Structures are given as structure tokens and as C-alpha cells.
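Here's the structure we're looking at; comments come further down.
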Amino acid sequence: MRSGTANINIDETVLIEQCRRGDFTAMERLIIRYQNRIYNVILKMCANPDDAEELTQETFVKILEGIENFNGRSSFYTWAFRIAVNLTINHCKRGQKLVTRSIDAEDSEYNEQAKTQLKEFLQDDGSLEPSAVAQNRELCRIIVDSLSKLDDTQRAVIVLRDIEDMSYAQIADVLDIELGTVKSRLSRARSSLKEILEANFQ
């Protein structure tokens, strides 16, 4: 396990150095490695596939433009996500309207598995299981619809922790805030999200 992790880290370090030298193949490999996760985070924050695709492209433009200045004090993973999240928050703050389908629409009845998982979440102080969200399309859609009603910073911390399964330390790095702020913001965000979800079961 340690050896495999080491090889991944070494490979990434090599890719970053090659990118700095203008190696387009290395740039492509770095993009392929992270593009799906970054796109998914952005999509869950802005709830618009077209905007998410555009913001993902903009993220990688900024990553490649700024990779010369990447100093390694944080992991490349959190540095890249910091760029993506900041771009998305700024996009939302510019007054862009979140376009989502109502969870009350006739074609979007909850399936039973999604109902069960949401009820367990509402009864527990823990978080949603990231793998469950990823595997259940209906559950993911309900969560995205509900997330659109949170403010930008609350939405970001929920997505990073409860959907992307980042550690508190990684979130603090991505959002450039203190560890204690992550925990308090996450607590408030979960409470707000639960209130929104509970309203949909009434």
C-alpha cells in the first residue's frame, strides 16, 4: 500500500515538473487524472452542467497557467480543488441563477432507497455516505436540488466533506480557513440542509 502511494506521488511530481517544461502530454495526463472529480464538485456547487463544464475548463487553464508557482506547501490535489471551488463560488456570487429541477416535479418521485438514506441522514448527527450518493442517481439529484438552497460557503463545505469525502484538514486547505471554522461551518451547513430535506418529507 505504501509503495503504491509513493509511486503515485512520484508520478505526479514528475508530471508537474514536465508540465512546467511545457510538456503537453504531461498536461493532458494531469487533466485526465482530476477532471472528473473537479467537474463533479463544480456541478454539485453550481447545479448547471453547462456552467460546470465551462468552469472546469477555466479551472484547468488557471492550473496550467499557475503551475510554475505551485510550491508544494499543500498537495497538488488540494491546490487544484482550491482553484475550482474559488472559481465556482465567485461564479455564484456574480448573481448567476442556479438552474435546478424541482424535487416536486412530476417526473422526479423519490425512489425508496433514496428515501431510506435521507431519513437515516435526518435522524443521525453524521454525514451522508459519499459512496451512497455517488451510486444513487436519485439521491444525488435530491441532494443537489437541496444544496442549491444553501449559501455558497455552506454548499462548498457540504460538497467537499459529505460528497467528496475530504478530510477536515484538506477542506481547510482548499477553502483557506481554520480547522475549527471548517467544523463549525459544516455543522451549520448540515443543520440547514436537514431543515430543507425535512421540509420535503412533510
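The values are calculated or read from the model by the stated rules, or taken from the named source; none is laboratory data. What you see is a predicted model; the values in this text were computed from it and never measured. Cβ atoms come from the backbone with ideal geometry, glycine included; neighbour counts cover every protein chain shown.
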Item checked: Matching residues in region 17-63 - criterion: being small (Gly, Ala, Ser) and free of Cβ contacts under 8 Å to residues at least 60 places away in the same chain -> GLY22, ALA26, ALA52
Check: In region 171-202, what count of residues is obtained for those that are touching a residue at least 60 places away in the same chain (Cβ under 8 Å), under 17 Å from the mean Cα position of the chain (by Cα) and surrounded by fewer than 20 Cβ atoms within 10 Å (Cβ to Cβ)?
Finding: 1
Note to self: Give me the helices (runs of 4 or more DSSP H) completely within region 36-134, filtered to those with at least 2 residues that are at pLDDT below 60, ordered by residue number.
What the structure shows: 112-123
